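First up is the structure itself, then whatever we jot down about it.
The values are calculated or read from the model by the stated rules, or taken from the named source; none is laboratory data. Owing to the predicted nature of the structure, the values given are computational and were not obtained by experimental measurement. Heads up, the Cβs are rebuilt from the backbone with ideal geometry, glycines too, and the neighbour counts pull from every protein chain shown. The area values use the complete protein model at the heavy-atom level, side chains included, leaving out ligands, DNA and RNA. Shrake-Rupley method; radii C 1.70, N 1.55, O 1.52, S 1.80 Å.
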Amino acid sequence: MISVSQALDLLFDLAGPLPAETVPLSQANGRILAAPVTARRDQPPFAASAMDGYGVQADGVAPDATYQVIGEAAAGHGFDGTVNAGQAVRIFTGAPVPKGVDRVIIQEDTTRDGDTITLSDTLDRGFHIRPAGGDFRNGQQVEAPLRLRPADIALLAAMNIADVPVVRKPRVAILSTGDELVMPGETPGPDQIIASNTFGLQAMLRDLGAEARMLPIARDTRESLEMAFSLVDDADLLITIGGASVGDHDLVGDVAQDLGMQRSFYKIAMRPGKPLMAGRLASGAMMIGLPGNPVSAMVCGQIFVIPVLRAMLGLGSAPAPTQQAPLAHPIDANGPREHYMRARFDNGVLTVFDNQDSSLLSFLSQANALVIRPPNDPAQAMGAQVAFLPI
């Protein structure tokens with residue numbers, strides 16, 4: 001058996017970055033920016049009013065001063081002229097500041113009578129002009145890689161960028177195996193259970209931005225598995241669930257190798273999830289074989305699949321980031337394998353669940369953290385700082 005860190009290193013060796021593609025800005029949210037993009041204009045492109053009011057020359061502004069209103073400037077409709085001493089232009093938020101104006105008097109500080117305004121005796125001190133390029137300048141870059149959020153999309157739009165280079169979405173095929181499995185909504189036989197891992201992993205992968213599709217459940221025969229492997233076609237990654245252990249019906253590894261898979265490793269010193277393997281298929285796709293126990297598959301998804309997807313997306317080859325927090329209660333010593341224990345992180349402390357059985361999805365659903373116990377970690381007292389992975 002190899003360690004979790006050794007397994008991750010081998011997985012990263014298999015997980016090459018995917019190529020870029022160009023998509024319309026309207027389709028770029030959530031995608032990974034593949035290359036820097038450059039602003040094509042200043043923002044704002046001109047000095048603009050930050051308030052509704054009157055544009056005047058700053059010299060001479062004083063309580064009770066009067067000005068002659070000579071025109072109006074609105075957003076999209078500037079004033080074509082010069083404002084001299086003693087003159088004012090009615091101006092609205094976002095409007096270009098006319099020549100000669102270097103201060104905007106907010107409308108609440110004025111009284112208007114026809115085309116004359118008088119300033120109040122309690123003037124606001126602000127100048128209320130946004131300088132040209134105050135947000136960003138022509139040529140300024142947004143660096144890559146970056147997972148684009150709605151705020152980033154708005155920024156790129158303001159930069160006049162209509163098409164965006166993004167990393168192609170990883171194409172992932174998910175294959176559940178086992179005679180005991182049926183799909184949700186079907187009526188299971190007396191010896192069957194519902195396939196759950198496929199749906200949980202598909203949701204996890206889609207959250208990361210992958211195109212994840214389910215293959216039909218493969219039965220515990222070579223013929224069924226060979227048929228399932230033939231459906232992988234253009235996938236970048238095949239994830240198999242179950243059939244990777246050492247039982248008489250666990251055929252996934254043997255069939256994959258018979259079909260040309262070059263195996264990178266098999267078995268990891270961790271719990272849950274020891275029977276995990278990886279390699280490269282003859283098609284060039286990467287393969288990760290997850291254990292069949294529901295919690296084992298989902299935990300291995302957090303520990304291994306998510307970092308692999310991030311590496312494919314160009315976000316770096318690194319383990320999932322962990323945090324530290326104190327225990328809400330004492331916990332016993334750990335055994336010889338690295339242990340990822342379901343827990344709740346609330347109010348700054350970690351509560352580790354008593355039952356860590358790898359078949360119990362209900363406890364995983366209640367968990368928002370995995371406490372990480374190193375091999376042979378001694379018993380830890382209440383308040384001890386331990387590492388955890390948010391999930």
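Brief remarks follow.
- Condition met for Ile174 (surrounded by 19 or more Cβ atoms within 10 Å (Cβ to Cβ) and of a type in the set (A, V, I, L, M)): yes
- Residues (surrounded by fewer than 17 Cβ atoms within 10 Å (Cβ to Cβ) and more than 19 Å from Pro291 (Cα to Cα)) located in the range 178-212: Pro184, Gly185, Glu186, Thr187, Pro188, Gly189, Pro190, Asp191, Arg206, Asp207, Glu211
- Test: residue in the range 292-304 that is at pLDDT 90 or above, within 20 Å of Leu181 (Cα to Cα) and open to solvent by 10 Å² or more (accessible area, probe 1.4 Å): yes
- Cβ-Cβ contacts under 7 Å between residues 6 or more apart (or on different chains), taken from a first residue in the range 350-371 that is under 18 Å from Pro326 (Cβ atoms) to a second residue that is aromatic (Phe, Trp, Tyr) and open to solvent by 40 Å² or more (accessible area, probe 1.4 Å), are listed as Phe353/Phe363; Asn368/Phe345; Ala369/Phe345.
- From Leu25, Leu18, residue being open to solvent by less than 60 Å² (accessible area, probe 1.4 Å), within 18 Å of the chain's Cα centre (by Cα) and farther than 28 Å from Pro319 by Cβ: Leu25
- Residue, farthest from Gly133 (Cα to Cα), within the range 79-97, restricted to residues that are assigned to a loop (DSSP other than H, G, I, E, B) and polar (S, T, N, Q): Asn84
- In this structure, Gly60 does satisfy being surrounded by fewer than 18 Cβ atoms within 10 Å (Cβ to Cβ), out of contact with any Pro (no Cβ under 9 Å at 6 or more places or on another chain) and on the phi > 0 side of the Ramachandran plot.
- Leading residue by the ranking (most open to solvent (accessible area, probe 1.4 Å)) among those in the range 213-231 that are in a helix (DSSP H, G or I) and charged (D, E, K, R): Glu223
- Selected residue (only one of Ala173, Ala154 is closer than 23 Å to Ala75 by Cα and either of a type in the set (A, V, I, L, M, F, W, C) or part of a strand (DSSP E or B) (or both)): Ala154
- Positions within the range 177-212 being in a helix (DSSP H, G or I) and in contact (Cβ under 8 Å) with a residue 24 or more places away in the chain, in sequence order: Asn197, Thr198, Gly200, Leu201, Gln202, Met204, Leu205
- Scanning the range 28-43 for residues that are under 19 Å from Gly209 (Cα atoms) and buried (at least 19 other Cβ atoms within 10 Å of the Cβ) yields Ala28, Arg31, Ile32, Leu33, Ala34.
- Of all residues in the range 30-78, those that are more than 30 Å from Thr116 (Cα to Cα), outside any strand (DSSP E or B) and either touching a helix residue (DSSP H, G or I) at 6+ places or on another chain (Cβ under 6 Å) or of a type in the set (Gly, Ala, Ser) (or both) total 4.
- The sole residue among Ala278, Ala256 that is within 30 Å of Val167 (Cα to Cα), open to solvent by less than 70 Å² (accessible area, probe 1.4 Å) and either touching a residue at least 60 places away in the same chain (Cβ under 8 Å) or in a strand (DSSP E or B) (or both) is Ala278.
- Any hit, the range 77-90, residues being at pLDDT 95 or above, under 43 Å from the mean Cα position of the chain (by Cα), surrounded by fewer than 20 Cβ atoms within 10 Å (Cβ to Cβ) and of a type in the set (A, V, I, L, M, F, W, C): no
- Within the range 117-133, being of a type outside the set (A, V, I, L, M, F, W, C) and either modelled with pLDDT under 95 or under 15 Å from Ala62 (Cα atoms) (or both) holds for Thr118, Ser120, Asp121, Thr122, Asp124, Arg125, Gly126.
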